[in-house]
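This report refers to the structure that appears directly beneath it.
The values are calculated or read from the model by the stated rules, or taken from the named source; none is laboratory data. Everything quoted here is computed from the prediction, not taken from an experiment. Here the Cβ positions follow ideal geometry from the backbone for every residue, glycine too, while neighbour counts run over all protein chains shown. Heads up: the accessible areas ignore ligands, DNA and RNA and are worked out on the full protein's heavy atoms, side chains in. Shrake-Rupley method; radii C 1.70, N 1.55, O 1.52, S 1.80 Å.
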There are 4 protein chains.
Amino acid sequence: MHFASDNWAGAHPNIVRGLAEAAEGHAPAYGASELDKKVEHRFSEIFERDVAVFFVGTGTAANSLALASCNRPGGQIFCHAEAHVNMDECNAPEFFTSGAKLVPVTGPQGRMAPDALATAIARFPPGVVHGGQPVAVTITQATEAGTVYSLDQIGAIGEVARKAGLPLHMDGARFANALVTLGATPAEMTWKRGVDILSFGGTKNGCWCAEALVLFDPGRAREMHYLRKRSAQLFSKSRFIAAQFDAYLRDGLWLELARHANAMASRLAAGLVSTHDARLAWPTGSNEVFAILKNARLRALRDQGAVFYDWPATAAIKDELATDETMIRLVTSYATTAREVDAFLSICTGE
Amino acid sequence: MHFASDNWAGAHPNIVRGLAEAAEGHAPAYGASELDKKVEHRFSEIFERDVAVFFVGTGTAANSLALASCNRPGGQIFCHAEAHVNMDECNAPEFFTSGAKLVPVTGPQGRMAPDALATAIARFPPGVVHGGQPVAVTITQATEAGTVYSLDQIGAIGEVARKAGLPLHMDGARFANALVTLGATPAEMTWKRGVDILSFGGTKNGCWCAEALVLFDPGRAREMHYLRKRSAQLFSKSRFIAAQFDAYLRDGLWLELARHANAMASRLAAGLVSTHDARLAWPTGSNEVFAILKNARLRALRDQGAVFYDWPATAAIKDELATDETMIRLVTSYATTAREVDAFLSICTGE
Amino acid sequence: MHFASDNWAGAHPNIVRGLAEAAEGHAPAYGASELDKKVEHRFSEIFERDVAVFFVGTGTAANSLALASCNRPGGQIFCHAEAHVNMDECNAPEFFTSGAKLVPVTGPQGRMAPDALATAIARFPPGVVHGGQPVAVTITQATEAGTVYSLDQIGAIGEVARKAGLPLHMDGARFANALVTLGATPAEMTWKRGVDILSFGGTKNGCWCAEALVLFDPGRAREMHYLRKRSAQLFSKSRFIAAQFDAYLRDGLWLELARHANAMASRLAAGLVSTHDARLAWPTGSNEVFAILKNARLRALRDQGAVFYDWPATAAIKDELATDETMIRLVTSYATTAREVDAFLSICTGE
Amino acid sequence: MHFASDNWAGAHPNIVRGLAEAAEGHAPAYGASELDKKVEHRFSEIFERDVAVFFVGTGTAANSLALASCNRPGGQIFCHAEAHVNMDECNAPEFFTSGAKLVPVTGPQGRMAPDALATAIARFPPGVVHGGQPVAVTITQATEAGTVYSLDQIGAIGEVARKAGLPLHMDGARFANALVTLGATPAEMTWKRGVDILSFGGTKNGCWCAEALVLFDPGRAREMHYLRKRSAQLFSKSRFIAAQFDAYLRDGLWLELARHANAMASRLAAGLVSTHDARLAWPTGSNEVFAILKNARLRALRDQGAVFYDWPATAAIKDELATDETMIRLVTSYATTAREVDAFLSICTGE
């Protein structure tokens, strides 16, 4: 009963096979191999547009490089208050930008509210240097609350960013999970709604180490080559990241794995709601379930081997918690089995 | 005939097998798995001492984090003029340190001369703020010239650093290659000669992505956890790096692969010297051969499929070059075959 | 009727005289002159303790250097949500620290609430790298709301910081104004209540450019010399800053000027309250008055030459504002005259 | 006999008078005053072109901001090996740029040789990320060797920079001294010869704290406002810097002071050469004299109250030094008197 995180899972057999195939022979290093180029081209196909692709080692690197490429002195970057870049990256965005500030913007269920964003941006009028200058907006899809932005919601954020002249970055650590929830195309969920730069994650969905930075305007790629190298994110044997993406994107594997993970989360969420002891903190839109359970139940679950994390409740949630309740996070992955889910649920309903 | 770089090779079958085994099941992320801990312990065994180990993704990351951990405001870091950190890392050390300066120190055959180092350090007397303050010394073993420091030579550098109160870092991107050349133990080649921090490279010697930062004083480890994370070098599925090292360090594989690469380089060097058209720029001490050949010969080699790089000659070498000669670099690896070497040599000796 | 800011004032005649005297003759540069040393010693007298003093050019420099000296990788710095370091320094603290994060803490009337601070710190448990690590607490005295922390309130913050092992910094851009309000000694308002580092401002209170960083633990001074120089804040003709402080601190001039500025603010506040159209947003504790007036009245004031800024209302204040009201800030200084204040008030009471 | 540095001098009476006049009344802060604007306009007149002007506190700040405004990731900045930015600013340029590298270029008598510059730039071909990318060239006028670049020599450097697409910065800490030596106009010595950004120094030539960054392309000014503020170099009472420049630039005071300082240096140099014990290390082109004297003579000079610094000899000079000789630096200023010079010389010629 592994629900601690999707990064506790290993790597899908196809990914492992891809790594094994890449292991043979010689090929140019630092991203110049045939395989690197082939996979970069594959990204352009998937996004129905010429894109520039940069493989990196971690999601934090992808996000931080994206934001660094947008930054200017005194830069203000607008993100949701609970965003991963703001809460869980140990100041990597601040470090990669040499001192940008992340400005938290509120919004229900992990989604930034467009009017709250517009208000936050308006606090920094052009030409007033004291507060700094807006330089970028970043959203997470799927969100840190396990929800997804609808296409319209992305478009609304994109519109606010566009009016303010700001590039829009999407942290897509769980991009595939959001995509299959919406039933949208990659193009629809990104540049067609105003996204300029994407962190495209493969690690949480069955790769071991495959993250890509996707620039929808390849004209912005020039500096990124230097940014990536000076950030120690240019891998000499880059083709092994390419090999993972090659397997990941072939024959729809990535979507299949995301659908499975999401289905497991839905099964878990539906099961929890049907018990009388549990309720959801937020609706489940991807492969993360945020639920509120009785503490006694949580003890029973852990006693019987379930692994998951308590999760810090936001102020709004905290007000709703009874003293004998705790908010938890349950994450499913490509490797989660229905049996695991059902075993978990049976403990939840057991007396 | 692949002699472009050891990072054009792929990954050894044992490494691939290690990755495949790690792919199954669930395990705590971010370095907390059993496998991570087991391999960390293995490093302590190999170095005959409690060490703190940090897995990272690239050699540049290992070097830059090592130097960042030593830095202070106005920090001067002493390195050989041709050091990888100085020439080939796109200012990553400067970026990770938020502005340290690399002070180039001369010395023949890629090795820093101890008295030149002492002189360079003496230019920064304590309490004079204008020039900044010395904060670290870094050497590369094996060197960028394909030579190695003897144990005594490391000790001499270590002694200069110790007297100046400076930590000594070793860039061991080709640590194994140097080790088997010297026939020394890892302890003898590092902390017993004054090395405080080591970048331990596996990637060039048969892994695909396995680099470790080794701190001989585990008391310095606390800040490194945060340094690594904020630099986007903490891998969620860290166990896949551990798995590579696990296979690499098991049953002496790492030494065996290095011995093979070195033997191929020696064969190449010996063969070249026996021709009348070629000579060595520096003696071959590891898996890199720096040679000076006639341009006509180089064209013939490339015409017949040999892959290698021209190499910028240092000032001293440049003076020795005839107008129809060029300096080149030939790198061997675990994957180089004697047949490749001999094919190359036969072109060199052919009329 | 100048109430825009205390930095719209010029320099007190005694300060000008000090500058003129320092202009003659030769003296060692970069802080090594007799005058520099004499004034540094004067700080130790005033604070009843050996302190290390660093003259710098701006309050932003003093604050940013103080925070930089406390920072570590992934550093979280706790400040009031409305703090100058957070709102008005264009990311200078983030830049000087190479990427620390300022964590806003709430509290009424510009003062950080000790329990809110403790809660904020507790969000970063030791050893969990993802969120970063707490490194410092900073408060502003007098606050950005024109109030002051009582000695007990400073002590309560100091106690939270001490328990968390964090240094406490005080932004004293209006140190003298707070001091005379409390009737305390400099020692009582700082290190006796747990303050470790102080930005001691003279510029807003009658100097033209005189800011000092005061370290109550001189053992921490070593690195600051390099930090200041690499931040371009070591002035070659440093003695001209020393000269300003020399005049400023002589015969209680600094306290006299602050008393005057505060008295003018009190007169203004009292006068406003006595009208029926105006009320105070926060109680007036120093030389800043935050008031809420009818828009029509503000127009009349400006028409007749009064200079002051509208001020962005905090959320709590905004709820209290009528649609025809605006919050403004009125700042007095050593140069404010009772006649100016009374002229302003007469417009406020006029029909 | 004060020859330690021109920054050991105080401030010229006209400068002091300017400060006193600025001290009265109220004026907008942060560079928005009438006086600020008037002086900015004066710079455009002097340079016969619309320029953007930014007042800052130190020469190090001006240089570092100039270089930061040119920097890009992996940035390589070309300077003379002995340049102040490289030797005496405690990594401020590296810090302000968040990690640029200063690439030392050689050249006789403190002047960068154009062909050495071209060779240095050619080491970084476009598109090869490992070494980083060239971003700027910086020269010092007058140089750190007390010489000056002729207009043609500036033009030759400017031409190399232009061909490489690099902006050219001039560190003009002693701009006026060089200008009067050449008898050129400010325009001729800067933008007409390819200079894009200038650090215009007033402090060493009779101001106490007056440095300006001059951008010959005002279109580059937008970001500089934020760069300056986030670097803590935006002074609230900026008008006091403006006031110094106002006096400095009025009625040719700046040129008159420079002429005097240069004349004193020439008198000193000529006098030294006429003795048999001393010789010049480099020809004297501004207000710095670098001379080689017998150690016994230096002791006599110091015994009789002369103040000056020994100076580290470059390698070429070191070869020429006898064992009983030392190289020293003698700096004159607006405040140096002919009597001081003659007293110094009489000791030199005395038996």
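Among all residue pairs at least 6 apart or on different chains, which show Cβ distances below 6 Å where the first residue, located in region A:187-204, is closer than 13 Å to A:PRO167 by Cβ and open to solvent by 10 Å² or more (accessible area, probe 1.4 Å) and the second is of a type outside the set (Asp, Glu) and part of a strand (DSSP E or B)?
Note: pairs meeting the criteria are A:GLY194/A:LEU168; A:ASP196/A:LEU168.
State which residue pairs qualify: first residue within 28 Å of D:LEU330 (Cβ to Cβ) and inside region D:146-162, second residue acidic (Asp, Glu) and open to solvent by 10 Å² or more (accessible area, probe 1.4 Å) in any location, beta carbons under 8 Å apart, and separation of 6 or more residues or different chains.
From residues that are within 28 Å of D:LEU330 (Cβ to Cβ), the pairs are D:LEU151/D:GLU188.
Check off (1) among the acidic types (Asp, Glu); (2) in contact with a Leu (Cβ under 8 Å, 6 or more places away or on another chain); (3) not in a loop (DSSP other than H, G, I, E, B) for C:ASP152 and give me the number that stays unchecked.
Failed condition: (2).
Testing C:THR181 on (1) away from chain A (no Cβ under 14 Å); (2) closer than 24 Å to A:ASN71 by Cα; (3) not charged (D, E, K, R), one condition comes back false. Which one is that?
It fails just one condition, (2).
Can you find even one residue in region B:29-37 that is touching a Gly at 6+ places or on another chain (Cβ under 9 Å), facing another protein chain (nearest Cβ under 8 Å) and part of a loop (DSSP other than H, G, I, E, B)? Outline the logic, then answer.
So the first thing to find is which residues in region B:29-37 are touching a Gly at 6+ places or on another chain (Cβ under 9 Å), and the list is B:37.
Now restrict to residues that are facing another protein chain (nearest Cβ under 8 Å): none.
No: zero hits.
Would it be correct to say that B:ALA281 is open to solvent by 10 Å² or more (accessible area, probe 1.4 Å), touching a residue at least 24 places away in the same chain (Cβ under 8 Å), more than 20 Å from B:ASP6 (Cα to Cα) and not assigned by TED's automatic domain parsing to the domain that holds B:GLY59? Working first, answer last.
Numbers: open to solvent by 10 Å² or more (accessible area, probe 1.4 Å): yes; touching a residue at least 24 places away in the same chain (Cβ under 8 Å): yes; more than 20 Å from B:ASP6 (Cα to Cα): no; not assigned by TED's automatic domain parsing to the domain that holds B:GLY59: yes.
For B:ALA281, the condition - open to solvent by 10 Å² or more (accessible area, probe 1.4 Å), touching a residue at least 24 places away in the same chain (Cβ under 8 Å), more than 20 Å from B:ASP6 (Cα to Cα) and not assigned by TED's automatic domain parsing to the domain that holds B:GLY59 - is not met.
Could you check how many residues of region B:1-39 are among the acidic types (Asp, Glu) and touching a residue at least 60 places away in the same chain (Cβ under 8 Å)?
Pass one, region B:1-39, residues among the acidic types (Asp, Glu): B:6, B:21, B:24, B:34, B:36.
From the residues that got through so far, the ones that are touching a residue at least 60 places away in the same chain (Cβ under 8 Å) too are B:6, B:21, B:36.
Final tally of qualifying residues: 3.
Within region C:306-323, which residues are over 24 Å from the mean Cα position of the chain (by Cα) and at pLDDT 95 or above?
Start the filter on region C:306-323 by keeping residues that are over 24 Å from the mean Cα position of the chain (by Cα), which leaves C:306, C:318-323.
Across region C:306-323, the qualifying residue is only C:ALA306.
Quick one: in region D:1-28, of everything that is assigned to a loop (DSSP other than H, G, I, E, B) and of a type outside the set (A, V, I, L, M), which residue is nearest to D:PHE308 (Cα to Cα)?
Within region D:1-28, the first condition is being assigned to a loop (DSSP other than H, G, I, E, B), and the residues that meet it are D:1, D:3-5, D:9-12, D:23-28.
Right, trim to of a type outside the set (A, V, I, L, M) and you get D:3, D:5, D:10, D:12, D:24-26, D:28.
Working: D:PHE3: 5, D:SER5: 8, D:GLY10: 17, D:HIS12: 22, D:GLU24: 39, D:GLY25: 42, D:HIS26: 43, D:PRO28: 42 Å.
In this case the residue turns out to be D:PHE3.
Against the condition at pLDDT 95 or above and open to solvent by 40 Å² or more (accessible area, probe 1.4 Å), how does B:GLU159 come out, does it pass?
Details: at pLDDT 95 or above: yes; open to solvent by 40 Å² or more (accessible area, probe 1.4 Å): yes.
The answer is yes for B:GLU159.
Just to verify a result, which residue in region B:324-342, among those that are of a type in the set (D, E, K, R) and not in a strand (DSSP E or B), is nearest to the chain's Cα centre (by Cα)?
Initially, region B:324-342 is screened for residues of a type in the set (D, E, K, R), giving B:324-325, B:329, B:339-340, B:342.
From the residues that got through so far, the ones that are not in a strand (DSSP E or B) too are B:324, B:339-340, B:342.
Values: B:ASP324: 32, B:ARG339: 26, B:GLU340: 24, B:ASP342: 27 Å.
Filtering first and then ranking leaves B:GLU340.
Which number in (1) open to solvent by less than 40 Å² (accessible area, probe 1.4 Å); (2) more than 23 Å from A:VAL56 (Cα to Cα) marks the one condition that B:ARG17 misses?
Here B:ARG17 meets the rest and fails (1).
Name the residue, out of B:ALA4, B:ALA66, that is in the same structural domain as B:ALA92 (by TED's automatic domain parsing) and of a type in the set (A, V, I, L, M). Steps first, please.
Details: B:ALA4 fails: in the same structural domain as B:ALA92 (by TED's automatic domain parsing).
One residue alone meets the criteria, B:ALA66.
Out of all the residues in region D:61-94, which are within 14 Å of the chain's Cα centre (by Cα), of a type outside the set (A, V, I, L, M, F, W, C) and open to solvent by less than 10 Å² (accessible area, probe 1.4 Å)?
D:ASN63, D:SER64, D:GLU89
Matching residues to (1) in a helix (DSSP H, G or I); (2) at pLDDT 95 or above; (3) crowded, with 24+ Cβ neighbours inside 10 Å; (4) assigned by TED's automatic domain parsing to the domain that holds D:ARG193:
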residue: D:SER98; (1), (2), (3), (4): no, yes, yes, yes
residue: D:PRO104; (1), (2), (3), (4): no, yes, no, yes
residue: D:GLY127; (1), (2), (3), (4): no, no, no, yes
residue: D:ALA142; (1), (2), (3), (4): no, yes, yes, yes
residue: D:ALA145; (1), (2), (3), (4): no, yes, yes, yes
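Pick from region B:38-78 the residues that are of a type in the set (Val, Ile, Thr) and in a helix (DSSP H, G or I): which of them is farthest from B:MET170 (Cα to Cα)? Lay out the reasoning, then the answer.
Pass one, region B:38-78, residues of a type in the set (Val, Ile, Thr): B:39, B:46, B:51, B:53, B:56, B:58, B:60, B:77.
Filter again for in a helix (DSSP H, G or I), leaving B:39, B:46, B:60.
On the way: B:VAL39: 21, B:ILE46: 17, B:THR60: 12 Å.
My answer is B:VAL39.
Suppose we filter A:MET87, A:MET112 for residues that are aliphatic (A, V, I, L, M) and farther than 21 Å from C:GLN133 by Cα; which single one remains?
Working: A:MET87 fails: farther than 21 Å from C:GLN133 by Cα.
A:MET112 is the lone residue from the list that is aliphatic (A, V, I, L, M) and farther than 21 Å from C:GLN133 by Cα.
In region D:38-68, which residues are within 14 Å of chain C (Cβ to nearest Cβ) and within 14 Å of D:ARG220 (Cβ to Cβ)? Lay out the reasoning, then the answer.
Start the filter on region D:38-68 by keeping residues that are within 14 Å of chain C (Cβ to nearest Cβ), which leaves D:54-68.
Matches in region D:38-68: D:PHE54, D:LEU65, D:ALA66, D:LEU67, D:ALA68.
For region B:46-60, give me the residue count where each residue is under 15 Å from the mean Cα position of the chain (by Cα) and either of a type in the set (A, V, I, L, M, F, W, C) or not assigned by TED's automatic domain parsing to the domain that holds B:GLY202 (or both).
Number of matching residues: 1.
Taking the options D:LEU272, D:LEU298, D:LEU345, D:LEU257, name whichever one is open to solvent by less than 60 Å² (accessible area, probe 1.4 Å), closer than 22 Å to D:GLY183 by Cβ, among the hydrophobic types (A, V, I, L, M, F, W, C) and part of a helix (DSSP H, G or I). Full working, then the answer.
Numbers: D:LEU272 fails: closer than 22 Å to D:GLY183 by Cβ; D:LEU298 fails: closer than 22 Å to D:GLY183 by Cβ; D:LEU345 fails: closer than 22 Å to D:GLY183 by Cβ.
That would be D:LEU257, the only listed residue that is open to solvent by less than 60 Å² (accessible area, probe 1.4 Å), closer than 22 Å to D:GLY183 by Cβ, among the hydrophobic types (A, V, I, L, M, F, W, C) and part of a helix (DSSP H, G or I).
A quick yes/no check of all residues on (1) of a type in the set (A, V, I, L, M, F, W, C); (2) part of a helix (DSSP H, G or I); (3) more than 30 Å from D:PRO28 (Cβ to Cβ); (4) within 14 Å of chain C (Cβ to nearest Cβ):
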site	(1), (2), (3), (4)
D:GLU159	no, yes, yes, no
D:ASP171	no, no, yes, yes
D:THR185	no, no, yes, no
D:VAL195	yes, no, yes, no
D:HIS225	no, yes, no, yes
D:LEU234	yes, no, no, yes
D:ARG250	no, yes, no, no
